[in-house]
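First comes the structure, then the notes that go with it.
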Amino acid sequence: MASEETPTMAPPTAPNPTPTTADPEKNSGPHTWAVRLVTVGIVLAALNLRPAITSLGALLEEVRDGLGMSGSLAGLLTSVPPLCFAVFGSMAPRLAKRFGASAVVCFGMAAIAAGLVIRPYTGNTVAFLVATALALMGIAVANVLMPVIVKRWFPEKVGTMTGLYSMALAAGTSMAAAVTVPVTDALGGDWKSGLAVWAALGVAAVIPWLPLVREKRTGIAPQQPAPAPDARSAAPAEGDGLRIARSRTAWALACFFGLQATAAYITMGWMAQIFRDAGVSASTAGVLLAVCMVMGVPLGFVIPRVAARLPSQGPMVVFLGVCGLAGYAGLYFAPASGAWAWAVLLGISNCAFPLALTMVGMRARTGPGVVKLSAFAQSTGYLISIPGPLLVGVLYQHSGGWGVPIALMAALMVPQIVVGVFAGRNRTVEDEATAQAPTS
């Protein structure tokens, strides 16, 4: 059976690689149960990475009334998630190096559960934000370490496992947006219970990671084959000395990640309002937003599998970008009459997220390289995405309509395509570091 991995995933100069130790699924014995636990853990973790955000969005009006939150403070909530992802995500590599990636992910799931069960009952805005930040901290470290977990346990199935993870993440996102209000109504209309109920999903996600917490000490984790001796293996970039900020590919991937995150948060925060202002009913606008998000369920599985088979992901970047430009053009010229088509097109465009995650695993060859690239791309990318939703709101308020904000969204899609094509080239950050290293 052909490997799903592209040539960038292993050194091409390494003949006769170790056949079984690279893929734990091919090993019999005590590691088989660990592989199954990791698979279940990846799916449950992915389901938890967005409900903290989308469930709050569904009940934001009730939360504002209950806590006496000002409109401006509520508006800032749209930029809190990327800020927390950037700040806390940068801590993930050091935590993983000290405690192990599985232990940090387990802690992240526990932090999500704790934050979600605490925040509705805090009683004031400041404590609510602190509890929300606790949940977002757990999400941030898991965001960074999921590509690392996938690369480590499934090096020959990066596309498949990233697709499974992305599909579960999209399912959790759309599920929380769609059912939070009905669940709240079923619980007597209490918004506190409607928010707290999502903590149960976090508790469930802790369970499969518990046996893997001590993987560094017990030897549960799969052993990666030693690289063949060649020029690359002698370079300091192969280990912890990799200076990721000097890599042009890393910067391109970070910018691509940030611009796609900007588009995603603008969509989640404002697309329903765009449709409502165009004359679409509130209920239909909510369904259109759900349609946009649910596109990530099937495509989140397909796109990484296809991307992992291509030497360069540039054509996929261009395709997703063109879908985004078409969707924004539709919103500008005929937002109501073609609403369903624009929702589908923008949903397809937002699948740049699983593509970016796949490229993280493909643009680094070594374990330390994936850890550093994932942390750098996501932390820097989320910092880039912070101003977007706020700027759209400001432009909407001062221009008196959606023409200027939509034009901004379309304009941002152009650099997203450019840096995405650059990031998708068939090379690794280790190779770039080796090429820049001085020769003796």
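The mean accessible area for residues of segment 310-440, using a 1.4 Å probe and ignoring ligands and nucleic acids, is 38 Å² per residue.
Cα-based values for segment 85-128, radius of gyration first and Dmax second, are 13.0, 37 Å. When a 1.4 Å probe is rolled over the protein heavy atoms, the share of accessible surface on segment 342-412 that falls to carbon and sulfur comes to 76 percent. When you count the other C-beta atoms within 10 angstrom of each residue and take the mean per peptide, 256-268, 411-423, 287-299 line up highest first as 256-268, 287-299, 411-423. Rolling a 1.4 angstrom probe over the protein heavy atoms with all chains in place gives segment 35-135 an accessible area of 39 Å² per residue.
When Ile112, Ile118 are compared by accessible area of protein heavy atoms, the largest-first order is Ile118, Ile112, using a 1.4 Å probe. Please report the carbon-and-sulfur percent of the accessible area for segment 68-203; probe 1.4 Å, protein heavy atoms only, DNA, RNA and ligands left out. Carbon-and-sulfur percentage of accessible area, whole number: 72. The string of couplings for segment 392-406 from the Karplus curve (6.51, -1.76, 1.60, θ = phi - 60°) is 4, x, 5, 5, 4, 5, 8, 8, x, x, 9, x, 5, x, 5 Hz, one whole number per residue in order, with x for Gly and Pro.
The values are calculated or read from the model by the stated rules, or taken from the named source; none is laboratory data. As the structure is a prediction and not an experimental result, all values here were calculated from the model. Here Cβ is always computed from backbone atoms with ideal geometry, including for glycine, and neighbour counts include all displayed protein chains. Keep in mind that these areas ignore ligands, DNA and RNA; they rest on the heavy atoms of the full protein, side chains included. Shrake-Rupley method; radii C 1.70, N 1.55, O 1.52, S 1.80 Å.
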